[in-house]
Amino acid sequence: MEGRNLQIRRLSWMSSILLFAVIVLANIVFARSATRIDLTEEGVYTLTDGSKRILAGLEDPAIIKVFWQGIPARFDNTKRYVEALLDEMENAASDERFQVQWVDMEEEEGKSAASELGVEQYVFGAAHGSEVRESKGYMSLTIELGNEKPAIFNALSLIEDQLEYLIVATIYQRSRTERPVIGMVAPRPQFNPFMGGRRPQGQFNDFGETMRKAFGNAARDYLTLDQPIEPDVEVLILTRPRALTETQVYHFEQFLLRGGRGILLLDPVDIDNVFGAASQRAEPHLSGMEDWLSHVGVTAERGVVGDFEATCLFPKGGREAVRYPFWPKVLPDFMDRENPVTRNLAPMPMYWPAALSVDEKKQTAEGRTATVLATTSDSGYRRGDITALKDTAEDASGKLLERVPLIVMVEGPLKSLWLGKPVPGSEPEKPADGEGGSEDGEGSGDGAPAAGSPDGDAPADPPKSDEPKKDDAPEGGEPKEAPKADEPKKDPGKDEPKQDGSDGDGDADAKEDEESGPARLEDGEIKLLVVGDAELICDQLGPRFPFSRAINGVTGFSFVANAAEWMSGSDDLLALRARATNPRNLEQMEDKDRDLVKNLNLYLIPLLVLLAGMTVFIVRRS
Amino acid sequence: MGEIFAVYRKEMRAYLVSPIPYIVTALFAGGMAWRFFFDPDKAFFVYDKAEMYRGFFFELEYFLIILVPVIAMGQWSNESNGGTIETLVTLPVRTSSLVAGKFLAGLTLILVCLLATGVIPVTVSNMGDLDWGPVHGGYFGAFLFCAALLALGIWVSSLTRYQIVSFVLTLFAGLVLVGMYDLANETGPLAPILEQLSLSSHYQAMGRGVIDLRDVLYFVSFAAFFLYLNVQTIENRRYR
């Protein structure tokens, strides 16, 4: 009997060990399987149809190299997502046109490949016993397609939400035979040896980087308005213009008149007015475009816009954050859902934006349409005074609460502001508006921060003279003749601007072009997007600022990239953008309502459960 | 099936008449609400997001490590201590039915506890546009997490006649299985293995709203293995 029991026990243990082995084996076998169900409403972890369509149409092979090594397990979800996403993409592309290579980083070859490509190591804190030390690892991927330099995406955990878009957009842009050229006029980044960082210190570096990744070589940043914009540029993003000269405004206008599309990010009140040197002055920055904008029928009103309902949070130090009315959040309900640019846009933060007003009569009289694409909520208001913007508490009493326009699209015919006048730059000029370039250290021709400017982190070049350059003065400095009304003009969307005064002598025209740039146009069809804020794409409040990334969101980047894409005539990528994760903010509540919610949750269910227990107890006793 | 249901009914009746499950459920629901809404570290209202992962499902794991051993500790220990185990194992009921009945009853009680926290996501959805996908995923993950830990806890309970020993051992095992994830955060050669073995890494993936076959397989096989061990342990008693 004892022997039989022993045998049974032995069998029992053996079967347990066998079962354990089977289970381990099954788990190992399925470890590479990526069968999963995505329960999220927006299908965040599933490839969109737009991505599938673009990948299925790939003609040249795209090689994705993943560099992953030395990254702690807490990033395992990111790794899994990257694996699953790339697997799905591989399946969506036909004939191995999408190749994924996980680089073996244990080998020296892998490390040297990373170094050659410029893949950055990710720095993180890792526990070593009881202390936390800084460690480095690889968490990047590169995309190689065609002969262009590989696109690199570092710190994948930070861009996990947008990874699908970034990969597909890069592939899409690089595989396009005809690429729209997107230009950007923004303050130049500057290397500052005293700041210690390796990265150039600038204001719109990250957005420029985003555009370069999305549009590849077709993205040209740091263009200047000192000269006419190159004719192949289709969309121009003019960021935070400061005290532009008449010549610069003229070049921008001419760019629009010849069919270029413009995105104008005004920023009369910026972080400098709140925390920097300009806070003492209590005056908004002038763009130098005020007269021209008024001519177009759009005005950036003096002051800032606040919102009592839809606002972003403002960090107060420690773990505290408060709602800040001057960082309004544009909610989907207050966006034009008919326009492709804003149709699928998630709530978007804006920082100290300016109110835009549209002169409807002027627009109608001149045959243009001006569409308001985004406003504040119904609790928006204008505040003319820009002092004490640090104060987070605002009183709604006495304020006119209304929807305040923040983004406007203007389309239609426009006659040049300089119609019948000499071309600016043909004689020495002053800044177009009152704010002189040297008055506050701003207003360099390309928008670069000048000496003493709070925008710059380094001593900048001496302020540039606003004197016209020789190249700017057509016909040897003499005012050009404007084309006559019945002379042919460039069709919007065509690459080559037509010349005025053409006599059919192509060679002579070409020679003249070389000498003096594109000829002057006196009217044309314009398409201009005016935004009352530029900080929605600035570095300080962009993805590198954890508070923006985690709490307020960085939808501004998507919005401007969407707009550039759409204005260039393509909306393929907008379908991908559609799935930008919605930050899903809470509705604003009074403190007493919050307390009620907290207390109800804390006490209600426990009390009900205990009551149920007592009822059972009483029933049983009775 | 009838045998399983008979055992299940007996266990559920025992839960219903005891005050302990009510107290445990009330403490669990209140504790979760407190951590979610009141804990300044989680700062639900500061983050201002209608989402549950950061403040709820991440915390839930630690509450479950305590809840599950409380529910599992008495399953067999009580029987051993009260001398009823001999009667049980000599009944004309298969051991697997006994184990399954106890396991399902424990799981039902855990489910009730999880449901009691359901008022939190309902509240959040009233305050903002909550994506229910990750909530469903998180609860499903929590349920599987509990099933795995409960299977382990019931087996531990079958090894000892003392509830407190069973509780401490299961709690310790739970802490190790979850803590492995933190250990795996230290990069090193064992990190990938620890990470794969950890209950935490499989559970946390579900909280994002993605149900991965690998995670489900891990939890199911983990639970199945310990239920099997439990059956074997009780079977061995029969032949003692």
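Results, tabulated for the structure shown:
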{"item": "Nonlocal amide H pairs with B:ASP212, under 5 Å, H built at 1.01 Å", "result": "A:ILE37"}
{"item": "More than 19 Å apart - percent of Cα-Cα pairs taken over region A:54-166", "result": "48 percent"}
{"item": "Residues A:PHE67, A:PHE20, A:PHE545, sorted so that the one with the fewest Cβ neighbours within 10 Å comes first", "result": "A:PHE20, A:PHE545, A:PHE67"}
{"item": "Residues A:ILE605, A:ILE182, sorted so that the one with the fewest Cβ neighbours within 10 Å comes first", "result": "A:ILE605, A:ILE182"}
{"item": "Over region A:25-175, relative contact order from alpha-carbon pairs under 8 Å, at least 6 apart, %", "result": "28 percent"}
{"item": "Under the span-like rule (Cα at least 18 Å along the axis, Kyte-Doolittle mean at least 1.6), DSSP H helices of chain B", "result": "B:58-72, B:95-116, B:163-184"}
{"item": "Length-normalised contact order of chain B in % [C-alpha pairs under 8 Å, at least 6 apart]", "result": "27 percent"}
{"item": "For chain B, alpha-carbon Rg over 2.2 N^0.38 Å", "result": "1.06"}
{"item": "Packing-based exposure ordering (other Cβ within 10 Å, fewest first) of B:ILE23, A:ILE229, A:ILE17, A:ILE159", "result": "A:ILE17, B:ILE23, A:ILE159, A:ILE229"}
{"item": "Length-normalised contact order of region A:211-277 in % [C-alpha pairs under 8 Å, at least 6 apart]", "result": "34 percent"}
{"item": "P(r) tail fraction, region B:124-240 - alpha-carbon pairs more than 20 Å apart, %", "result": "52 percent"}
{"item": "Reciprocal mean inverse distance between Cα atoms of region B:1-111 - Kirkwood radius, Å", "result": "16.1 Å"}
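Here, each number is a calculation from the coordinates, and none is a lab measurement. Keep in mind the model is a prediction, meaning the values are calculated, not measured. Cβ atoms come from the backbone with ideal geometry, glycine included; neighbour counts cover every protein chain shown.
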